[in-house]
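The values are calculated or read from the model by the stated rules, or taken from the named source; none is laboratory data. As the structure is a computational prediction, the values presented were derived from the model and not from experiment. Heads up, the Cβs are rebuilt from the backbone with ideal geometry, glycines too, and the neighbour counts pull from every protein chain shown.
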Amino acid sequence: MAGIAETVQANGHESYLDHKGKHKGIFAWILSTDHKRIGILYLVAILSWFLVGMTLGGLIRIELLKPEGTIIGPQTYNAFFTLHGVIMLFIFVIPGIPAVFGNFFLPIMIGAEDVAFPRLNLLSWYLYMLGGILIILAIFLPGGAPDTGWTFYIPYSVRTSTNMIITLSAVFILGFSSILTGLNFITTIHRLRAPGMGWFKMPLFSWGLYATGWIQVIVTPIIGITLLLVIIERVFGVGIFDPALGGDPILFQHLFWIYSHPAVYIMAVPAMGVISEIIPTFSHRTIFGYKFIAYSSLAIALFGSLVWAHHMFAVGMSDSAEFIFSLLTFIVAIPSAIKVFNWTATLYKGSIQLDAPMLYALAFIFLFSIGGLTGIIQGALSVDIQITDTYFIVGHIHYVVFGTAGFGIFAALHYWLPKMFGKMYNMKFAKVAFWIIFTGFNILYFPFFIMGWLGMPRRSYHYLPQFQVYHVISTVGSWIMIAGILMMFYNLIKSVINGPRVTERNLWGGETLEWSVATPPPLTNFDKIPDVIDGPYEYKDNDIELEEVK
Amino acid sequence: MSTQEQAVTAHVHRDDVGARMGMWLFLFTELILFGGLFFVYSVYRFLHQTDFHVAAKSMNVFIGTTNTAILLTSSMTIALSIVALRNRKKILSLSLQGITVIFGLIFLINKYFEWTAEIHHGNYPGSPELLSQPPGHILFYGLYYVMTGLHGLHVIIGMIVIMFMMRFTIKDVITPDRIVKLEAAGLYWHLVDIIWIFLFPLFYLIT
């Protein structure tokens, strides 16, 4: 067993994991302002919540095996799909990549010792945990778990007797945590880049986080005030969303989607950043169209904030409003497509190495293309009327949110986890798990498109018997996927606990700064803040480069 | 040992420009938070123009104007306190910070009397009198309570923040050379002020 001394010997100094601070035991973690430790605190919390969300999703799938009740009652079913949405979106994917991998790697990748506001960073984590605890309270307190769907649509979210106020407060607090993380990252990127690292020498992951930070800062306050207004409606009955008192429920939907559509990009853009790191590393070739990828992140942030009403084509807006929002929806596809073309162009003539992170990255491109193109279908006004509130949209969001943000997190885990802990997972096992997840994913979610197209309504407890065959296929797919995910977690957790130790700095032959520091990184990341000369993806001859690093 | 020394330097790392940038970004999110309410206000004002007009007549313009003057003056006193500390006049700076808090308190007291009077007249959410009036009135008063209430909450937070700044100034955590905390608190107080500058015409002067 290689002990601390050996790591110190190999790297010249102790890692952040071995560092003895002024606190002991668990306090060395939950009171640490080290961005790497905070990243790992998030990692543990987020993956635990993911397992909760996945369990709920699996139970929903089992329930839908038969057209009438199977294992749970209708009220429980409503609570399950609500909690599945709330947990997966607000607690898992929205914080997911920025809070875990952004925290851990952003400062290292731009050559900084920490984020701009380390204590604020820890506060974000506490707010995140508070939000999670409130969700748990909302589930178990008398009154019952929320049953409105994750969209909290008015008027039901005011009328239902379930624990809405706690749920809404939880999402409000999670939003606050998200804002503080975004604000921290924007300032970090502006102020703490290493000497010589100009904007266009930044790794694309930092560009993704930068664009995401702006989306978080710009749109999250809107969901904050909206949820606050719903709470005020419930407590005081002010009437802002109540038609009986002159209010307008549709206004709630506008406010809600002004946040919640860009929130899709809060999930996707950092994942795209991860993919932009993995693809060049495993193709051993510079990224194609660096500036286009960087600018397209900003373009997505901009246009993505202007398309919200395409969630509301069926509620009765003016024709001109519908036309404009439909047009903008098509436009937002352009920067996304630019990224897809650049990634695939990067593969061309690269020496591709199909390790687990690369497999997840390639799956990301495939799933994101399906998710994105089905989004375009819904952006067309006439088609959207047909498929509004059907399983088509459910399929679309799962391809987009799970296929991009989810697979982005899995890709990042396989890419960076050995760097974070200095332990390697079983690559063969990881590849097998990947193929099981990927197969299960498509069997689970692709039937959603077909039955949605045929008219199966979303969130429905009972359904017509002709849809049963699709539901059964989908549920079988969910079993395959869950098995694969459990295998993946088993492999990764086992590697962290007693996997083979790695001390090699550059595990995959990447050219970004995190591969130039020790594995696992030392407490202050760098002995001396590096002076950056080359761009992030200038692969010369990898073997020579690796020699120099050693 | 060397790593521990590095750790210490890492945590006293100081970047005033960065701190200010973070504060501005935070203020920006606050503006958008209120922006959502201004958005709701503008929609309902557009839909119920005359109702809003009539409902605003019952507002006490005198108290509103007084409060505007108080908040504007308090913005000046907090700005002066920063200048005073930069010129190494600690006592003056402290008293100016104290005056700012007192102005905030007077503002809230006025607000209390104003709300009490309105509630006494039956103009509060869910009251039978208000429910018998047209929807524009109900929405006007609903928004009045929500928006000035949220603003009042910000006044309270601002006062607490400034009281912390007074403590920091006394304990020399804030010094003429390390003044960025006080500056950030000042910026926050200006935000509280500027939101009121928009609330005042929207609720008191549209008659």
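Looking only at region B:173-180, decide whether some residue is touching a Ser or Thr at 6+ places or on another chain (Cβ under 8 Å) and buried (at least 17 other Cβ atoms within 10 Å of the Cβ).
no
Go through region A:90-109 and give me each residue that's buried (at least 24 other Cβ atoms within 10 Å of the Cβ) and of a type in the set (A, V, I, L, M).
A:Ile91, A:Val93, A:Ile94, A:Ile97, A:Ala99, A:Val100, A:Leu106, A:Met109
Condition first: surrounded by fewer than 19 Cβ atoms within 10 Å (Cβ to Cβ), among the basic types (Lys, Arg) and within 14 Å of chain B (Cβ to nearest Cβ). Can you find one or more residues in region A:142-164 that meet it?
no
Among the residues of region A:393-449, write down those that are of a type in the set (Phe, Trp, Tyr) and closer than 16 Å to A:Ala271 by Cα.
A:Tyr399, A:Phe402, A:Phe407, A:Phe410, A:Tyr415, A:Trp416
So that you can scan it fast, the table gives a plain yes or no per residue for (1) in contact (Cβ under 8 Å) with a residue 12 or more places away in the chain; (2) among the aliphatic types (A, V, I, L, M):
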{"site": "A:Phe236", "(1), (2)": "no, no"}
{"site": "A:Gln253", "(1), (2)": "yes, no"}
{"site": "A:Ala271", "(1), (2)": "yes, yes"}
{"site": "A:Thr281", "(1), (2)": "yes, no"}
{"site": "A:Leu298", "(1), (2)": "yes, yes"}
{"site": "A:His310", "(1), (2)": "yes, no"}
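Quick check on this structure: which one of A:Gly131, A:Gly182 is crowded, with 20+ Cβ neighbours inside 10 Å, among the small types (Gly, Ala, Ser) and under 26 Å from A:Ala79 (Cα atoms)?
The unique qualifying residue is A:Gly131.
Of the conditions (1) modelled with pLDDT under 90; (2) surrounded by 15 or more Cβ atoms within 10 Å (Cβ to Cβ); (3) in a helix (DSSP H, G or I), A:Asp543 satisfies every one except a single condition; which number is it?
The failed condition is (2).
Mind listing whichever residues of region B:39-58 are closer than 18 Å to B:Glu118 by Cβ and in a loop (DSSP other than H, G, I, E, B)?
Answer for region B:39-58, where residues must be closer than 18 Å to B:Glu118 by Cβ and in a loop (DSSP other than H, G, I, E, B): B:Lys57, B:Ser58.
When you go through (1) within 27 Å of B:Tyr44 (Cα to Cα); (2) more than 14 Å from chain A (Cβ to nearest Cβ); (3) of a type in the set (Gly, Ala, Ser) one by one for B:Ser95, which number turns out not to apply?
Of everything listed in (1) within 27 Å of B:Tyr44 (Cα to Cα); (2) more than 14 Å from chain A (Cβ to nearest Cβ); (3) of a type in the set (Gly, Ala, Ser), B:Ser95 misses just condition (1).
Is there a residue in region B:59-70 that is surrounded by 14 or more Cβ atoms within 10 Å (Cβ to Cβ), away from chain A (no Cβ under 11 Å), out of contact with any strand residue (DSSP E or B) (no Cβ under 8 Å at 6 or more places or on another chain) and not in a helix (DSSP H, G or I)?
Checked region B:59-70: at least one residue is surrounded by 14 or more Cβ atoms within 10 Å (Cβ to Cβ), away from chain A (no Cβ under 11 Å), out of contact with any strand residue (DSSP E or B) (no Cβ under 8 Å at 6 or more places or on another chain) and not in a helix (DSSP H, G or I).
Do the conditions hold for A:Ala45, that is, is it within 14 Å of chain B (Cβ to nearest Cβ), surrounded by fewer than 20 Cβ atoms within 10 Å (Cβ to Cβ), closer than 21 Å to A:Leu123 by Cβ and small (Gly, Ala, Ser)?
It is false that A:Ala45 is within 14 Å of chain B (Cβ to nearest Cβ), surrounded by fewer than 20 Cβ atoms within 10 Å (Cβ to Cβ), closer than 21 Å to A:Leu123 by Cβ and small (Gly, Ala, Ser).
How many of the residues in region A:244-271 are more than 11 Å from A:Gly304 (Cα to Cα) and facing chain B (nearest Cβ under 9 Å)?
So the answer is 8.
With respect to the numbered conditions (1) away from chain A (no Cβ under 14 Å); (2) surrounded by 14 or more Cβ atoms within 10 Å (Cβ to Cβ); (3) closer than 30 Å to A:Asp248 by Cα, which one is the sole condition not fulfilled by B:Tyr112?
Just one mismatch for B:Tyr112, condition (2).
Can you name every residue in region A:174-211 that is away from every other protein chain (no Cβ under 14 Å), within 20 Å of A:Pro530 (Cβ to Cβ) and part of a helix (DSSP H, G or I)?
Within region A:174-211, A:Trp199, A:Phe200, A:Lys201, A:Leu204, A:Phe205, A:Ser206, A:Trp207, A:Leu209 qualify.
Tally up the residues in region A:246-271 that are part of a helix (DSSP H, G or I) and surrounded by fewer than 20 Cβ atoms within 10 Å (Cβ to Cβ), please.
Summing the residues that are part of a helix (DSSP H, G or I) and surrounded by fewer than 20 Cβ atoms within 10 Å (Cβ to Cβ) in region A:246-271 gives 3.
How about region A:77-107: which of its residues are more than 18 Å from A:Ile173 (Cβ to Cβ) and either in contact with a Leu (Cβ under 6 Å, 6 or more places away or on another chain) or at pLDDT below 95 (or both)?
Selection gives A:Phe80, A:His84, A:Val100, A:Gly102, A:Leu106.
Considering each of A:Glu322, A:Glu277 in turn, give the residue that is more than 24 Å from the chain's Cα centre (by Cα), of a type in the set (Asp, Glu) and on the phi < 0 side of the Ramachandran plot.
None of the others qualify; the one that does is A:Glu322.
Let me spell it out: the conditions are (1) more than 30 Å from A:Ile293 (Cβ to Cβ); (2) more than 8 Å from chain B (Cβ to nearest Cβ), and A:Ile223 meets all of them except one. Which number is the exception?
Unmet condition: (1).
If we scan region A:27-35, do we find a residue that is more than 14 Å from chain B (Cβ to nearest Cβ), of a type in the set (A, V, I, L, M) and assigned to a loop (DSSP other than H, G, I, E, B)?
The answer is no; no qualifying residue exists.
Regarding B:Gly36, is this residue at the interface with chain A (Cβ under 8 Å from one of its Cβ atoms) and in a helix (DSSP H, G or I)?
Against the criterion (at the interface with chain A (Cβ under 8 Å from one of its Cβ atoms) and in a helix (DSSP H, G or I)), B:Gly36 qualifies.
For residues that are in contact with a Gly (Cβ under 7 Å, 6 or more places away or on another chain), crowded, with 22+ Cβ neighbours inside 10 Å and in a helix (DSSP H, G or I), tally how many sit in region A:401-440.
Number of matching residues: 6.
Scanning for something buried (at least 23 other Cβ atoms within 10 Å of the Cβ) and at pLDDT 95 or above, does region A:454-472 turn up at least one residue?
Among the residues of region A:454-472, not one is buried (at least 23 other Cβ atoms within 10 Å of the Cβ) and at pLDDT 95 or above, which makes the answer no.
Report yes if B:Val192 is of a type outside the set (D, E, K, R) and in contact with a His (Cβ under 8 Å, 6 or more places away or on another chain), otherwise no.
Here the answer is yes, as B:Val192 does meet what is asked.
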